[in-house]
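The structure appears below as structure tokens.
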Amino acid sequence: NVPIEISKKGFSHWENALVGYFIDKRFSFHYVKTWAEKLWGNLLEDVVSIDYGFFIFKVKSEEAMDTILEDGPYYVGARLIVINK
């Protein structure tokens, strides 16, 4: 079992994060990270690529998450990237 303090710290680290994925073929991590930094630079803290083609966009606040979600949908190139909390 994971100690509760570690679990809470992990949750708080990823509390303001969005998950993105492409329905069809995805782009490389570098391409998606560069795209996100250009688009959300002042709202974004980090971009992480995980298994199965998912990307995690760690943002600075809950307000940043809301702004990003309200401004969508988003396309990388001509491909739709689906973004959710």
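The values are calculated or read from the model by the stated rules, or taken from the named source; none is laboratory data. Just so we're clear, the structure is a prediction, and the values are computed from it rather than from any experiment. Counting neighbours? That spans all protein chains shown, and the Cβs are built from the backbone with ideal geometry, glycine included. The area values use the complete protein model at the heavy-atom level, side chains included, leaving out ligands, DNA and RNA. Shrake-Rupley method; radii C 1.70, N 1.55, O 1.52, S 1.80 Å.
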### Query
So if we plug the beta-carbon distance of Arg79 and Ala17 into 1/(1 + (r/R0)^6) with R0 = 35 Å, what FRET efficiency do we get, rounded to 0.05?
0.95
### Task
Heavy atoms only, probe 1.4 Å: what % of the accessible area of segment 8-85 goes to carbon and sulfur, would you let me know?
53 percent
### Query
By how many nm would the segment from Ser28 to Leu69 grow when fully extended, if each residue of separation counts as 0.36 nm and the alpha-carbon distance is taken off?
12.5 nm
